[in-house]
Every structure is written in C-alpha cells, then in structure tokens.
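The values are calculated or read from the model by the stated rules, or taken from the named source; none is laboratory data. This one's a predicted model, so the numbers in the text were calculated from it and none came from an experiment. Reconstructed Cβ throughout: ideal geometry from the backbone, glycine too, with neighbour counts over all protein chains shown. When the accessible area is computed, the model is the full protein with side chains, heavy atoms only, and any ligands, DNA or RNA have been set aside. Shrake-Rupley method; radii C 1.70, N 1.55, O 1.52, S 1.80 Å.
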Amino acid sequence: MPKIVLLWTDVVLYAMFAVLIWYGLRVRANANLRANWWKVLRDPAAFSAGIVLALFALVTAADSLHFRRALPPPPDAPAGAKTFYATSTESVLDLLMARQIAMRETGYSDPLAYLGLTKEPLQRDGQPVRDFPRLKFGGAHLADPAAQRSADVLARAAGGAVGGLLFAALAALGAAALLRRTHGGVAGALRDIAADRTELPLRAALATVAVSAMLIGGVLALMGHYHVFGTDRTGNDVLYQAMKSVRTAFVIGTLATVATLPFAVVLGILAGYFRGWVDEVIQYLYTMLSSVPNVLLIAACVLMVQVFLDKNPDLFETGLERSDLKIFLLCVILGLTGWATLCRLVRGETLKLRELEYVQAATAFGVGHARIMAKHIAPNVMHLVLITTVLSFSDLILYEAVLTYVGVGVDPSMNSFGGMINLARNEMSRDPVVWWSFAAAFGFMVTLVLAANLFADGVRDAFDPRARSVRPRPLRRSHA
C-alpha cells in the first residue's frame with residue numbers, strides 16, 4: 001500500500017474545498033445569496049469562464065492527492081518486515097500522465113516532431129554522419145515517419161476532436177432532457193438552447209464545453225504517441241510541465257488571497273467601527289506597509305525563508321515537501337504584505353454601516369460591540385471581500401510568474417508558469433529558437449487568468465449594488 005502524504009498546501013486546499021461546500025449549502029439556504037449567484041450564472045461570459053475554471057480546479061485536485069510508493073521487500077526479508085517507501089512523492093496527476101513522464105528524450109524536440117532539434121553524430125549504413133536523431137518516443141510507432149506523420153497526426157487529432165464533440169452532444173442532450181418539461185419536450189428544449197431562449201445561457205456554456213472537449217480530446221489522442229508541446233532541454237515533456245504548473249498557480253492565487261482576509265477584514269472593521277485612536281493606528285500600519293515596495297519586501301522575506309530551509313534540510317523527508325513548505329510560506333508572505341487595499345475598502349464601508357439605523361438601534365438596546373460587528377457589520381461587507389478576492393486571484397497568478405522570473409518565487413524544483421518562462425528566457429535567444437516552452441506557459445496562464453477575470457467581472461456585477469445590472473434574458477413561455 002502506498003503511503004499517503006499530506007503537504008501543507010494540500011491541507012489548506014482541502015480545507016478550502018470544505019469551506020466552498022459549506023458556502024454552497026449556505027447559498028442554497030439564503031435567498032439573497034442565491035439570487036446574486038443566479039445573476040452570475042446568467043452572465044454568459046461568467047458562466048463560460050466558470051466552466052474553464054472548473055477544469056483547472058479538477059487538474060489542481062488531481063495534483064493535490066500525494067503519495068509515496070511502497071518499495072518491494074528484498075528477497076530474503078522475513079515476513080512482517082518493515083515497509084520502506086520511495087523517496088519521491090507522486091500525485092494522482094502523475095499517475096494519469098505516467099506515459100508523458102516516461103517519454104523522456106535526450107534533448108529538445110519540436111511539438112509533434114519525430115526528430116530531435118539538434119544534430120548528433122550517428123551511424124548510417126556503416127558510415128558516421130551528423131544528422132537529426134530519431135526520437136525515442138515521439139512518433140516511434142511510425143515505420144516511415146517522413147511520409148506517415150502528417151496523416152497520422154491529423155487522423156488522431158480529428159478522432160479525438162470528434163470524440164470531444166460527441167461528449168458535448170451528450171451534454172446538450174442531457175441539458176435538454178432536464179428542460180423538457182418547461183420547453184415542450186427535448187426537441188423544443190434543443191431549439192430554445194440553440195436560439196438562446198433559456199433562463200441560463202446554456203448556448204454559451206455548451207459552446208464552451210464543445211470547444212474544451214474537442215481540444216482535450218485531440219490532445220489526449222496525440223499525447224500517447226507524440227510530444228504535443230515538444231520537450232525541453234533535458235528531454236522532459238512540456239505538456240506535463242504545464243499541467244503541473246496549474247496547481248502552483250491555483251495555490252498561489254487562492255492561498256495568498258485567503259491569507260490576506262483575517263488581517264484585512266478584522267482590522268478594517270475595527271478601524272471603521274471604533275474610529276479614534278484605533279482607526280489612526282490601523283491607518284498608520286497599512287500606510288506604512290503600502291509605502292514599502294512590495295517586490296523588495298517580498299524578496300527579503302523569501303530570502304530569509306530560503307536561508308531557514310537551507311539550514312534545516314533534516315526537517316523534510318522528500319524534496320517535494322521542502323518545495324511545498326516554501327510555496328506555503330510564500331503565500332503567507334504575500335498575504336501579510338497585501339492586505340492594505342482590502343483593509344481600506346472594508347474600513348470605508350464600515351464607516352458608512354455604523355451610521356445606519358439598525359446599527360444605531362442595536363447600540364441603543366445595549367448590544368455589545370463584538371456582537372454588532374459580527375452580526376451587523378461583517379455580513380454587510382462580505383460582498384466587498386468576495387469581489388476583491390475573486391479579482392485578486394488573477395493578479396496573484398501573474399505576480400507569481402514575475403517573482404519566479406526574478407528568482408524569488410517558488411522553488412526551482414517545483415513546476416510553475418514563472419519557472420517555465422524563466423527557463424525559456426535563454427531558449428528564445430538560441431538558434432533555432434525554442435519557443436514552445438514559453439508558448440505553452442503563456443497559453444495556459446493567459447487562459448487561466450482570462451477565465452478568472454471574466455468570472456470576477458460577473459461576480460462584481462452581481463454583488464456590487466453600484467454595478468450595471470445584468471442584461472435581461474428572454475424566456476420561452478412554459479408549455480402546459
């Protein structure tokens with residue numbers, strides 16, 4: 001049996017998933033929250049972006065279940081001997097992409113190539129020649145790759161895309177089956193979905209599912225026989241590196257945001273409610289924090305953490321545990337240095353709320369300060385917290401890329417978009433140009449950040465009372 005490994009970030013992610021489940025139950029029971037989230041879902045861009053974010057979240061969840069394999073006992077080991085485990089920590093995503101891990105070449109190769117990128121000395125017909133070597137795994141199933149590769153790539157990609165399209169068609173039929181009672185049967189529901197006459201923007205959602213399924217199907221059909229995004233300098237599959245970087249981006253975006261909330265919310269409410277010297281002290285703290293350049297402050301903190309980790313290598317059983325603790329502490333540092341903006345917003349909102357009639361009435365009836373802040377102030381600033389949290393998610397992902405690029409981000413042994421871009425810096429200046437590592441990191445990161453921004457726009461429009469109203473959606477009259 002493998003040994004389950006709980007990393008620091010795994011525990012926090014599991015706790016966050018549990019909180020999301022609790023929040024979902026609360027939304028279901030609260031009519032106001034349910035109405036606001038219904039507005040988010042009625043925004044086509046936000047609904048589609050939520051589907052893309054859900055796909056990235058699935059990758060993150062698969063990469064957050066870690067274990068260490070049990071080593072086989074020696075032949076002469078007695079029964080009941082102690083079980084030893086591998087020094088490397090793996091995840092469920094590693095199991096799903098075991099083929100890509102094993103498909104390690106000797107160096108660079110282009111996307112979907114069957115030859116290496118650089119010439120090497122070879123033996124051909126008994127004569128030494130210098131030519132591009134045949135890849136060990138990429139296109140290895142082809143007898144004559146020069147003539148067969150193009151047709152094979154097209155056939156496999158088309159087959160995967162058709163499979164994805166069939167999955168999207170089944171999803172459309174499932175949605176129509178759910179709407180058949182109010183839209184005149186399955187056929188009527190399909191017509192209404194195609195004409196965008198449903199309460200939720202199912203046409204946009206199904207189009208997103210179809211495009212995503214076709215892309216994923218095509219990649220799945222190719223990845224077992226080719227390096228879809230090529231290989232890096234050491235011959236490792238770039239697609240695998242990009243998939244592993246998704247978890248790092250999610251960890252940075254979520255954990256660092258969560259780390260800011262206790263300071264920002266508590267201090268903001270205290271400053272706005274009590275005013276006076278409490279307000280002045282808290283304003284002094286976040287004004288002083290904002291006056292220090294963030295990059296320099298974060299770099300100094302990260303370097304101190306690095307010194308601690310280097311001096312205490314015996315605290316970790318595997319290298320992944322050491323890297324995970326560093327990224328966890330990086331999230332804490334980002335939270336400790338990034339709470340000022342949200343604190344200002346919460347303070348300003350609290351100053352307004354404390355003057356409203358229901359707060360004044362609670363004060364007149366002798367309700368304690370702590371109860372007023374917990375029952376009347378905090379729930380009414382949560383819309384600001386939610387909006388700021390969702391908006392800052394994409395900013396932190398980009399921040400991680402910048403920090404890792406300048407050398408003060410995540411550990412070099414951990415995959416991240418910033419690390420991929422940093423390694424591609426020298427590759428872009430060589431001849432021939434190795435562009436695919438940069439392109440893969442850029443494409444995945446832009447997709448994730450764009451989806452997060454679109455979803456954040458929908459949340460802001462739904463929860464901010466000053467935002468524009470969501471466009472009305474025409475509804476088809478229900479059939480008797």
- [ ] Any residue in the stretch 422-434 that's of a type outside the set (Ser, Thr, Tyr): show its pairings with residues that are in a loop (DSSP other than H, G, I, E, B) and open to solvent by less than 100 Å² (accessible area, probe 1.4 Å) at Cβ separation under 6 Å, as long as the two are six or more apart or on different chains.
- [x] Glu427/Val434; Val434/Tyr108
- [ ] Identify the residue in the stretch 64-105 that is surrounded by 12 or more Cβ atoms within 10 Å (Cβ to Cβ), of a type in the set (Ser, Thr, Tyr) and within 30 Å of His225 (Cβ to Cβ) and, among all such residues, is nearest to the chain's Cα centre (by Cα).
- [x] Ser64
Open item on the list: Regarding the stretch 195-202, can at least one residue be identified that is among the hydrophobic types (A, V, I, L, M, F, W, C), in contact with a helix residue (DSSP H, G or I) (Cβ under 9 Å, 6 or more places away or on another chain), surrounded by 16 or more Cβ atoms within 10 Å (Cβ to Cβ) and assigned to a helix (DSSP H, G or I)?
Closed with: yes
Task: Qualifying positions in the stretch 389-401 - within 21 Å of Leu342 (Cβ to Cβ) and without any contact (Cβ under 8 Å) to a residue 60 or more places away in the chain - done: Asp395, Leu398
Task: Residue ID - farthest from Gly174 (Cα to Cα), chosen from residues in the stretch 204-257 that are β-branched (Val, Ile, Thr) and outside any helix (DSSP H, G or I) - done: Thr234
- [ ] State which residue pairs qualify: first residue over 15 Å from Leu206 (Cβ atoms) and inside the stretch 43-56, second residue open to solvent by less than 30 Å² (accessible area, probe 1.4 Å) and assigned to a helix (DSSP H, G or I) in any location, beta carbons under 6 Å apart, and separation of 6 or more residues or different chains.
- [x] Asp43/Gly458; Ala46/Val40; Ala46/Gly458; Leu53/Ala451; Phe56/Val246; Phe56/Leu448
Task: From Ala176, Ala242, residue being surrounded by 15 or more Cβ atoms within 10 Å (Cβ to Cβ), small (Gly, Ala, Ser) and under 30 Å from Leu95 (Cα atoms) - done: Ala242
Task: Single residue of the stretch 262-276 satisfying the filter (at pLDDT below 90, open to solvent by 60 Å² or more (accessible area, probe 1.4 Å) and assigned to a helix (DSSP H, G or I)) that is nearest to Met373 (Cα to Cα) - done: Phe274
Open item on the list: When the residues of the stretch 401-417 are narrowed to those that are within 13 Å of Ala242 (Cβ to Cβ) and not small (Gly, Ala, Ser), which ends up surrounded by the fewest Cβ atoms within 10 Å (Cβ to Cβ)?
Closed with: Asn415
Task: Count of the stretch 15-67 residues which are of a type in the set (S, T, N, Q) and under 22 Å from Thr447 (Cβ atoms) - done: 3
TODO: Taking Met420 as meeting all but one of (1) within 18 Å of the chain's Cα centre (by Cα); (2) open to solvent by 20 Å² or more (accessible area, probe 1.4 Å); (3) at pLDDT 80 or above, write down the number of the exception.
DONE: (2)
Open item on the list: Quick check on this structure: which one of Ala35, Ala57 is under 30 Å from the mean Cα position of the chain (by Cα), exposed (fewer than 14 other Cβ atoms within 10 Å of the Cβ) and either under 30 Å from Met1 (Cα atoms) or of a type outside the set (S, T, N, Q) (or both)?
Closed with: Ala35
TODO: Could you tell me which residue of the stretch 423-444 is nearest to Phe393 (Cα to Cα), considering only residues that are open to solvent by less than 20 Å² (accessible area, probe 1.4 Å) and among the aliphatic types (A, V, I, L, M)?
DONE: Ala441
Open item on the list: Is it the case, given these coordinates, that Thr208 is open to solvent by 30 Å² or more (accessible area, probe 1.4 Å) and touching a residue at least 12 places away in the same chain (Cβ under 8 Å)?
Closed with: no
TODO: Select from the stretch 289-317 the residues that are under 24 Å from the mean Cα position of the chain (by Cα) and either without any contact (Cβ under 8 Å) to a residue 12 or more places away in the chain or open to solvent by less than 30 Å² (accessible area, probe 1.4 Å) (or both) and list them in ascending order.
DONE: Ile298, Ala299, Val302
